[in-house]
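Trainee: Quick one: structure below, then a few questions.
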Amino acid sequence: MPIVPVDQFTKTKLDYVVVGGGTTGLIVAARLSEDPKVTVGVIEAGGYHEQDPEINIPGMRGLALGNPKFDWNFESLPQKGLDGRVVPLSRGKGLGGSSAVNFLLSIRPAEEELDAIEALGNPGWNWKTFLEYMKRSEQLYEPSHLTPEKAVEYAVGPDPDLFGHDGPVAKSFPTHVTTLHSKMLDSLEKLGVPRNPAHAAGKPVGAFLIPSTVDPRTATRSYSGNAYYAPNAARPNLLVLTEAQVTKVVLEKGSDGLQKATGVNFVKDGKTLTVGAAKEVILSAGSFQTPQLLELSGVGNKSRLAAFGIETKIDAPGVGENLQDHAIITTIVEVDPEVETLDMLTNPEHMAAQQKLYGTQQGIFAAVPTSLVAFASGKELGSDADILRWEKLASIESTPEIFKDTPESVKNGIRKQYRLLSKWVDQNSPLAQFIHWNGHLPVPGLTPKPDGRYISVVSTYAHPFSRGTVHIASADPLKPPAIQQNYLANQTDLDVLSGCLRLTLKMYETEPLKGSVVQKVYPTYGSDVDKDTAEKHVRACLGTLWHPVGTSAMLPKEDGGVVDPNLLVYGTSNLRVVDCSVIPLICSANIVTLAYAIGEKAADIIKAAHK
């Protein structure tokens, strides 16, 4: 059923209420509504951006960020490790959530990272099962625009057996690749980062042409909104209410001693309303707002709830703890003027030409402005002594100040995570990710030359050693939560990003890429940079890659878990969390691939529970 008015929504008997029409929320709603005997309602705070070019045109990705129409525009608390700076933390607002505003990369993590989720106490959540659900969500289009020789040169060689071919979300490879792509690959190989066309098999270390969520038939973004919702919008048992914000889950204690979610309260047009759920309430509000809603509903650390006058329904110390995110730093160089980059669009003639090309599904607008992604292991980022030091820093004792208020059960779980992280430092596991951007990324105080051409590279640590929190800052449900990232609290994070900086600068200084670099722009010094200067750059430009996870962790309760392996909130009979907040340990890749898999697997779990 198309988006419905509020009166119709509240008067309909709903079996399932999905809170949040984002990436995973729409997946669950679409899959559950395949059964015509059940009725599913979705409540989304944003709108439906069906026709917006900022969402749909690949070459315009990133333009929606910061716009309150599309973005929640969260911010971190002032960060001690960044000299008190506040970091903007974008999250998608509207049907499709962050899959509508992300940068379209679709890269899988390492096999050992997903097996670690099972090892932390979650049977059935491993590489093998994640792979099957990732495949179910996708439809891969082979890179037919590349000759076999170019495919080898560009490091692209998808194994058909590793990908889905009839799923909702389209995946393809960039059709616009500059002459610098293979030069970057060649220079990285000289630095110990090889071409890796087989990265999708759970072994991502190396460099390759990225797969992205672009539908090559239309040269438009493929995301949860147009892949899961739009084809099913006419179903009479799927009701969607937009521009309505859920403020609380209504919980009542059952005869079995468990709390039962009977419905939710929400605000629409300034009025607070309630809608019931006969079977389940499913929280898919994301890693910042899911823990906020749990706390507002009386699920959280009882001492924290009491401070805001909220009755504790379930004492759950892990809610809002264990926050992890990928932080990025940026480098920029000016390159040969004949290279086609986004910078050329400042010229009206070039803009007109590219707009004309997009009409034939070609050119810069038809493809993501990123062609190359690389993952490096520890040995490319530091010395043997560095690696030994990082292994030792994988402990709560390394940063006692950020754990001084952490509940003991949460510390138990984080200690187990650290044991895994220490093993990955000295193996052929991804420790950092590098992403090429075909143009000059915005940097305060830097103005590109009108006729200049640039490339930027952002890099991030794969596994932050620091941990943060997300908690309510007010009993007012419409106020944003307090997001404490604790960026760079652990020295390893600063060391790894400094290593990323040096490796990127070395790439610019290594042939054949060196021959196309006109000058370094940001920073201007070389790869022999001293420790203090490198760290200063990291602190000055650190931002986020928008991958928050862990705040409603799927872990045993004694390890600070919030949900069990069936995604049920501990202490409840029918309240589930289905979004990336359940991921207990962040993976190296862009988390949207896991968001799709979590949504698909959750739908199977819920269907099985109500047979």
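The values are calculated or read from the model by the stated rules, or taken from the named source; none is laboratory data. Remember, predicted model here, so these are calculated numbers, not experimental data. Cβ: placed from backbone, ideal geometry, glycine included. Neighbour counts: every protein chain shown.
Trainee: Residue by residue through region 254-295, note down the ones that are charged (D, E, K, R), in contact (Cβ under 8 Å) with a residue 24 or more places away in the chain, surrounded by fewer than 21 Cβ atoms within 10 Å (Cβ to Cβ) and part of a strand (DSSP E or B).
Mentor: Lys260, Lys268, listed by residue number.
A quick yes/no check of all residues on (1) under 28 Å from Gly561 (Cα atoms); (2) buried (at least 22 other Cβ atoms within 10 Å of the Cβ); (3) out of contact with any Lys or Arg (no Cβ under 8 Å at 6 or more places or on another chain):
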residue	(1), (2), (3)
Lys302	yes, no, yes
Ile310	yes, no, yes
Gln324	yes, yes, no
Pro337	no, no, no
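Trainee: Answer yes if at least one residue in region 127-142 is of a type in the set (S, T, N, Q), in contact with a Phe, Trp or Tyr (Cβ under 7 Å, 6 or more places away or on another chain) and surrounded by 20 or more Cβ atoms within 10 Å (Cβ to Cβ), and no otherwise.
Mentor: yes
Trainee: Moving to a separate point now. Output the residues belonging to region 1-57 that are of a type in the set (Gly, Ala, Ser) and either surrounded by fewer than 23 Cβ atoms within 10 Å (Cβ to Cβ) or not in a strand (DSSP E or B) (or both).
Mentor: If the condition is that a residue be of a type in the set (Gly, Ala, Ser) and either surrounded by fewer than 23 Cβ atoms within 10 Å (Cβ to Cβ) or not in a strand (DSSP E or B) (or both), then Gly20, Gly21, Gly22, Gly25, Ala29, Ala30, Ser33, Ala45, Gly46, Gly47 are the ones that fit.
Trainee: Next question. Which residue is modelled with the highest pLDDT, if the candidates are limited to region 158-171 and must be surrounded by fewer than 18 Cβ atoms within 10 Å (Cβ to Cβ) and part of a loop (DSSP other than H, G, I, E, B)?
Mentor: So the first thing to find is which residues in region 158-171 are surrounded by fewer than 18 Cβ atoms within 10 Å (Cβ to Cβ), and the list is 159-162, 165-166.
Those left that are additionally part of a loop (DSSP other than H, G, I, E, B): 159, 166.
Details: Asp159: 92, Asp166: 96.
Selected residue: Asp166.
Trainee: When residues of region 85-109 are filtered for being more than 26 Å from Asn438 (Cβ to Cβ) and either in contact with a strand residue (DSSP E or B) (Cβ under 8 Å, 6 or more places away or on another chain) or in a strand (DSSP E or B) (or both), how many remain?
Mentor: Number satisfying all stated conditions: 4.
Trainee: Select the helices (runs of 4 or more DSSP H) contained entirely in region 345-460, then report the ones holding at least 1 residues which are surrounded by fewer than 23 Cβ atoms within 10 Å (Cβ to Cβ) and among the hydroxyl-bearing types (Ser, Thr, Tyr).
Mentor: Ranges flagged: 348-358, 408-424.
Trainee: While we're on this one: Within region 196-234, restricting attention to residues that are over 28 Å from Thr178 (Cβ atoms) and among the small types (Gly, Ala, Ser), which residue is nearest to the chain's Cα centre (by Cα)?
Mentor: My answer is Ser224.
Trainee: Same structure, new question: Looking only at region 58-90, how many residues end up being surrounded by fewer than 20 Cβ atoms within 10 Å (Cβ to Cβ), at pLDDT below 95 and hydrophobic (A, V, I, L, M, F, W, C)?
Mentor: Here the count works out to 3.
Here is a yes/no grid of residues against (1) at pLDDT below 95; (2) in contact with a strand residue (DSSP E or B) (Cβ under 7 Å, 6 or more places away or on another chain); (3) surrounded by 16 or more Cβ atoms within 10 Å (Cβ to Cβ):
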residue	(1), (2), (3)
Lys479	no, no, no
Ile483	no, yes, yes
Ala489	no, no, yes
Asp493	no, yes, yes
Leu497	no, yes, yes
Leu513	no, no, yes
Ser516	no, yes, yes
Gln519	no, yes, no
Thr524	no, no, no
